[in-house]
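The values are calculated or read from the model by the stated rules, or taken from the named source; none is laboratory data. All values reported here derive from a predicted model rather than from experimental measurement. Neighbour counts are summed over all protein chains in view; Cβ atoms, including those assigned to glycine, are modelled from backbone coordinates with ideal geometry. What goes into the accessible areas is simple: the full protein's heavy atoms, side chains included, and nothing from ligands, DNA or RNA. Shrake-Rupley method; radii C 1.70, N 1.55, O 1.52, S 1.80 Å.
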Amino acid sequence: MTDNRVVDPTKPSSARIYDFFLGGKDNYEVDRQAAAEILEVWPTVASGVHHNRDFMTRAVRTLSDLGIRQFLDIGTGIPTEPNLHQTAQELNPAARVVYVDNDPLVLAYAHALMASTAEGKVAYIDADVTDPHAILSAPSFAETLNLDEPVAVSLIAVLHFIRDEQDPRGIVDTLMNAMAPGSYLVISHITADFDPETMRRALATYRASGVHAQNRNRDEVTRLFDGYELLDPGVVGVHRWRPRSELPEWRDAEAGCWAGVARKS
Ligand SMILES: C[S@@+](CC[C@H](N)C(=O)[O-])C[C@H]1O[C@@H](n2cnc3c(N)ncnc32)[C@H](O)[C@@H]1O
């Protein structure tokens with residue numbers, strides 16, 4: 001089992017592979033090797049990753065317009081501009097953001113994530129999403145977020161790293177149960193629904209490099225939102241969630257992710 005507390009340059013990490021696909025420089029040879037193998041079977045992966053990142057920005061803008069000014073972003077990733085707090089604080093300088101990731105390299109770069117406005121606040125928690133109580137009980141969590149007010153909980157491109165037996169649905173509920181009514185849940189998740197053979201091979205490549213990842217279909221992703229009110233347009237391809245412009249149908253296979261946003265009533 002990987003020791004998540006130490007940066008291990010000999011083993012690929014999902015955060016560093018993702019950083020490579022985003023064009024970042026915070027990755028090692030093992031990550032680039034794993035990324036090259038994934039690219040071979042999923043040539044449009046980089047565009048899927050950019051679609052995912054754009055979804056995050058559009059969701060934060062939508063929620064900010066709805067009055068949300070507190071965000072809990074789990075599975076944050078290596079800093080990539082715009083980071084979530086930059087979008088949230090550009091729209092509302094008083095926005096408060098708690099980031100969570102379990103990758104030691106993300107922790108090493110946490111200072112870049114914590115460059116808050118004076119009016120707002122940003123904190124970083126080094127924790128695993130499979131232990132939601134550790135997140136909710138971290139001192140900086142309570143110091144940053146006021147749980148009497150709604151919070152947007154984002155799990156963007158992270159739940160596919162969580163196995164069924166780790167109970168992703170239970171994790172979502174534990175987090176959302178701690179949040180006030182009017183809070184929101186934001187999820188994107190890898191799927192094989194658009195291009196089954198490519199995704200089957202891509203995820204087999206991830207697993208062969210030591211990173212567990214799994215597809216979930218639209219019903220499985222939709223079930224993660226059960227009990228919450230999905231905003232329009234529901235669970236859709238990540239690039240089709242309130243896009244800024246019309247997209248041609250052929251791009252669906254590129255996205256490779258389902259996405260949705262729901263409200264806790
Ligand atoms: C594919 S990246 C997504 C980054 C960002 N959310 C985005 O969409 O641009 C997945 C991130 O989730 C983190 N991650 C994976 N498993 C995790 C876990 N069990 N607990 C916390 N973070 C995890 C990885 O370290 C990585 O930074």
> Between HIS133 and ALA253, what is the FRET efficiency for a Förster distance of 30 Å, r being their Cβ-Cβ separation, to the nearest 0.05?
Replying inline: 0.20
> Once the other residues with Cβ under 11 Å from the Cβ of THR174 are scored (Lys, Arg +1; Asp, Glu -1), what is the net sum?
Replying inline: -2
>> What is the ratio of the Cα radius of gyration of the stretch 136-193 to 2.2 N^0.38 Å, with N the residue count, to two decimals?
In response: 1.25
> With every protein chain present, what is the per residue accessible area of the chain (1.4 Å probe, Å²)?
Replying inline: 43 Å²
>> Can you give the local net charge around LYS25? Use residues other than it whose beta-carbon is closer than 15 angstrom to its beta-carbon, Lys and Arg +1, Asp and Glu -1.
In response: -3
> How many Å³ per residue does the convex hull of the Cα positions in the stretch 83-200 occupy?
Replying inline: 136 Å³
> Rg and Dmax of the stretch 63-138 over Cα atoms: what are they, in angstrom?
Replying inline: 12.0, 34
> Just from its helices, what would the mean residue ellipticity at 222 nm be for the chain, if runs of 4 or more DSSP H residues each count -39500 (n - 2.57) and the sum is divided by every residue, rounded to the nearest 500 deg cm²/dmol?
Replying inline: -11000 deg cm²/dmol
>> Under 14 Å between alpha carbons, and skipping anything fewer than 8 positions from LYS121 in its own chain: which aspartates and glutamates qualify?
In response: ASP73, GLU90, GLU143
> What Kirkwood hydrodynamic radius do you get for the chain when you take the inverse of the mean 1/r over all pairs of distinct Cα atoms, in Å?
Replying inline: 18.4 Å
> DSSP beta bridges in the chain, what fraction antiparallel, as a percent rounded to 5?
Replying inline: 35 percent
> What number, in nm² with one decimal, is the all-direction average of the projected area of the convex hull of the alpha-carbon atoms of the stretch 24-81?
Replying inline: 4.9 nm²
> Quick one: in the stretch 130-265, what % of C-alpha pairs are over 28 Å apart?
Replying inline: 23 percent
> Using alpha-carbon positions, what is the distance between the centroids of the stretch 1-44 and the stretch 48-66, in Å?
Replying inline: 23 Å
> Rounded to a whole number of µm²/s, how large is the Stokes-Einstein D of the stretch 1-105 at 37 °C and 0.692 mPa s, given Rh as the Kirkwood radius over C-alpha pairs?
Replying inline: 219 µm²/s
> Considering only protein heavy atoms and a 1.4 Å probe, what is the carbon-and-sulfur percentage of the accessible area of the chain?
Replying inline: 51 percent
>> Given an 8 Å cut-off on Cα distances and at least 6 residues of separation, report the relative contact order of the chain as a percent.
In response: 19 percent
